[in-house]
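The structure appears below as structure tokens.
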Amino acid sequence: MTPPTDENLFSGIGRAVVLVDDPDAALAFYRDVLGFDVLHDEMTGGYRYLHVGVPGQVAVGLWLMTATSDRERELVGGQCGGQPLLVLYTDDLDAVRAHLRGHDVRVWNEREDVDSRSLHLADLYGNVIVVAQVRG
């Protein structure tokens, strides 16, 4: 095995943590509304390891982690301080918008820039998600 150098310390991004109050409700939103796949769902030692991600990208995903302390519960929905939690890419922003509205998801800040179109939405806890269609 080749030791890491400054250029290749990491081979990829695995999971980003999203603090949730109710993992089943969070799963319903990310799976049923956003179309994410369940990458891993296991109970170990009384704790649920629930990972979801975009279909076809099994190495990258979100860990829907149940908030267990008062401090963590305070951060649910605001762990990014109002900034976007993540950016999702699409080939058809119009279809995404229609799909989200069909699920009563509020869409705002629709933008059209030189190289992309985008919109904002919030998950069931208020975490902001940007959806972008890059022109190309």
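Quick look at the values:
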item: From R106, R71, R97, residue being of a type in the set (K, R) and surrounded by 13 or more Cβ atoms within 10 Å (Cβ to Cβ); result: R97
item: Any hit, segment 45-53, residues being at positive phi and not assigned by TED's automatic domain parsing to the domain that holds D123; result: yes
item: Strands (runs of 3 or more DSSP E) lying entirely in segment 33-136 (those with 2 or more residues that are within 16 Å of R15 (Cα to Cα)); result: 37-44, 47-53, 61-66, 86-89
item: The lone exception for G82 - which of (1) within 23 Å of D22 (Cα to Cα); (2) surrounded by 15 or more Cβ atoms within 10 Å (Cβ to Cβ) it fails; result: (2)
item: Residues of segment 91-133 satisfying the condition of being within 24 Å of C80 (Cα to Cα) and of a type in the set (V, I, T); result: V96, V105, V107, V128, I129, V130, V131
item: Residue match in segment 13-32 (condition: aromatic (F, W, Y), under 11 Å from the mean Cα position of the chain (by Cα) and not in a strand (DSSP E or B)); result: yes
item: Cβ-Cβ under 6 Å pairs, at least 6 apart or on other chains, segment 85-96 side within 21 Å of V17 (Cβ to Cβ), far side not in a strand (DSSP E or B); result: L85/N127
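The values are calculated or read from the model by the stated rules, or taken from the named source; none is laboratory data. Predicted model, so just to flag it, every value in this text is computed and none were measured. As a convention, Cβ positions derive from the backbone with ideal geometry for all residues, glycine included, and neighbour counts pool all protein chains shown.
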